[in-house]
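Okay, structure first, notes after.
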Amino acid sequence: MQKEKTVAQRLKKRDPEAWTKVYEEYFPKIYRYIAVRVSDRVEAEDLTEQVFLSALEACQSFKWRGAPVSSWLFRIARNRVIDYKRTDKSKKTFPLYENITSDTVSPETEAEMNSDVRQLIQAMGQLTPAQRDVIELRFAGGLSNAEVAKILGKSQGAVKVMQHSALAALRKKLSGLRQS
Amino acid sequence: MSKEFKDILDTCIDRIILKGESVEQCLESYPDWANELEPLLREALYTREAFSKEPRSEFQRAAKSRFMLELTGREDKKRGSILWGWQRQWAMAVAAVLAVIVMCGGTVGASTSALPGDLLYPVKTSMEKVQTFFTFGDEDKANLYIKLAERRIDEIQKLSENQRNIPDTVLNVMSANTDIAYDLANQNVSSQGELVAKIVNLTVNQKRVLMRLIENAPVEAKIMIRNAIERSENTYDRAQTIRERLQRQEKPQISPQDVSPSQATPIPAETGTLTSSGHKENEAENTTPTPDGQNNASADTPSLSPSLPQGTATNSSSPLPDSNDGVSSCTPEPQKDVHIDASADNQVSSLGSDNKSSDGIFLSSLSTGH
C-alpha cells in the first residue's frame, strides 16, 4: 500500500522515472484491454495513447485514495472506450458483441481476428455487462481481483461471483459454437 | 457453487494469469475440486491467450517518444510556474517576444554552451523550443531535430568528461528528438536520402558515446543508458533500411555506355524490395492514407511510424558514411570497421520480438567492447 502511495505521489510530481516505469508496465495491458473492447487495431492504438496523455494531463489533480495506480489508468481507459462507443464512428463500423460476421466486420479487422477470437467475442455478447467487464479487465488487462474490484467499485466477493458465472457461461456458449 | 469454490477458482486464475502457472499445477493444489475446476480454468487460459495481442512495436516506440516528449516538455513548463489561465497565456506570449529580442543579445550567446544543470541551460532549451516553433516544413524540422539530438549527445559527452551527473531527461529528450527526426525523414520524399544519412551518422555517434558512458555508470543509470542505446539502435536500423533501399533504387541497372542516348529507356523504380530474410518491405511506406483514414496498401496506421514488417531488423554491417556525406551516390562507400550493429555477417535476420533482438545486439556489442 505504501509503495502504491509513493508511486502515486511521484506521478503527481511528474517524476519522469516513475512515469516511464508506469508507462512501460501498463501500456501493453491497457492496449490489450482496449483492443478487445473496440476490436480495431487503429482505434485501439489511438485510444491507448490518449489514455496515457490524459493521465499525464490529470495527474496533478490525482488524489490517492488507497486504490492502485492501475485502477486509475484502467478507469480512464474504460471511460475512453465508453466515449468512443457513443460516437457514430463506432456504431457504423465495429459493433461490439453483436452477431459478428464478415458482413459487419471490416476486411482489415477480419483479417486480423482469427476465428477463435471471433467466437470468443461472440460468446461474450451473451454475458451481462458486468460479467464482460470482469472478463475484459481480468483476462485482457491482466489485473488482479482486487484491482478489478476497485475499478468497478464492487467488492472482491462480488467480482469472484461474476467471474465464476462469466466463465461458466462462456464455456457453455463456446462449446456450442465449437460443435457447430 | 460455494464461496469456497469461488475463492479457489479466483486463486487459481491469479496463478495462471499473473504468475504464468499451468492448469495442471493448480489442479494439483486442489485435487478435491479438480472436476469442477478444470473446465473453468481451461476456459480462463483460453480467454487469456486469445486476448494476448501485443501492440505493434513501431507504434509502441513512436507512442512512447511522443509521450516522453510531452512529459519532459511539460516538466520544463511546469517548473516554477505559478500563473493561471489567461495570465499564463499572456506571460507565454510576452516570453516568446522577449525570447526573440533576447536572441539578439548576449545571454543567448552565453547559453549555447550551457550544460544540463547550469544556470543558463533553461535559456538554451527555451531558445530551442522557440526555434522548433518557428521552423516549418518536414525537411527543415527534421534537420532541426537532428541538430538538437546532436546537441544532446554532445552535452552528455561533455558532462561525462567533466564527471558531472547526467539527468535522465537529457537521454529521453535525445532519443525522442532522434525518433521525431526519423519520422519526419520517413515522410519527406525529396531529400530523404540526405536526412536518413544524417540520422545514421547521428545514431552511430550516440551509441559510441553511450557505450563508453555505460562502462562506469552506476547500476541504476545503466538501465536508462541501455534503453537509450536500444532506441538508437532501432532508429539506426530503420534509417539504414531506407538508405539501402534508396541506394538500390539509384543504382543504374545497365551501363550507360551500352546504350546510346537515343535508345536509353527510363528504368522503373523498384516497387518492393526483399530483404535477405525474405521479408518484403512494405511497398506503402510513403503511401498517403485514403480519405477514410485507412491505408490501402498496408495495415499501418496513418502515423509517422515506418512500415517495416513487425519484428524485422537489419543487422547488416553496412559501411558508415563519411560524416560530410549528404545524399548517397552510386559510388560504393569504403568499408569501415565501426558500425552500430555487432553482428559480423551481413544477413538480415527476422526477429520474433524487438525486445529480444535488442537485448541480443546489446549484449553482443558489449562483448566486442565497443
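The values are calculated or read from the model by the stated rules, or taken from the named source; none is laboratory data. This is a predicted model, so every value here is computed, not measured. Quick reminder, even Gly has a Cβ in these numbers, built from the backbone with ideal geometry, and neighbours come from all protein chains shown.
Here are the numbers for the structure shown:
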quantity: Lone unmet requirement of (1) surrounded by fewer than 20 Cβ atoms within 10 Å (Cβ to Cβ); (2) within 9 Å of another protein chain (Cβ to nearest Cβ); (3) acidic (Asp, Glu) for A:GLU45; calculated: (1)
quantity: Hey, A:ALA111 at pLDDT below 70 and within 14 Å of chain B (Cβ to nearest Cβ) or not; calculated: yes
quantity: Selection within segment B:147-183 - hydrophobic (A, V, I, L, M, F, W, C) and closer than 17 Å to B:ARG66 by Cα; calculated: B:LEU148, B:ALA149, B:VAL170, B:LEU171, B:VAL173, B:MET174, B:ALA176, B:ILE180, B:ALA181
quantity: Answer residue from segment B:34-56, given it is in a loop (DSSP other than H, G, I, E, B) and not polar (S, T, N, Q) and is surrounded by the fewest Cβ atoms within 10 Å (Cβ to Cβ) among those; calculated: B:GLU54
quantity: Tally of residues being assigned to a loop (DSSP other than H, G, I, E, B), of a type in the set (A, V, I, L, M) and under 24 Å from B:LYS19 (Cβ atoms) across segment A:126-179; calculated: 1
quantity: Helices (runs of 4 or more DSSP H) enclosed by segment A:1-85 - at least 3 residues per element that are touching a helix residue (DSSP H, G or I) at 6+ places or on another chain (Cβ under 9 Å) and farther than 20 Å from B:ALA63 by Cβ; calculated: A:2-12
quantity: Residue list for segment A:144-170, restricted to those being among the hydrophobic types (A, V, I, L, M, F, W, C), at the interface with chain B (Cβ under 7 Å from one of its Cβ atoms) and over 19 Å from B:SER2 (Cα atoms); calculated: A:LEU170
quantity: Matching option when the condition is of a type outside the set (S, T, N, Q) and at pLDDT 90 or above, among B:TYR30, B:TYR46; calculated: B:TYR30
quantity: Residue match in segment B:249-261 (condition: at pLDDT 85 or above and either in a loop (DSSP other than H, G, I, E, B) or crowded, with 20+ Cβ neighbours inside 10 Å (or both)); calculated: no
quantity: Counted residues, segment A:48-82 - those being within 21 Å of A:ILE121 (Cα to Cα) and crowded, with 23+ Cβ neighbours inside 10 Å; calculated: 3
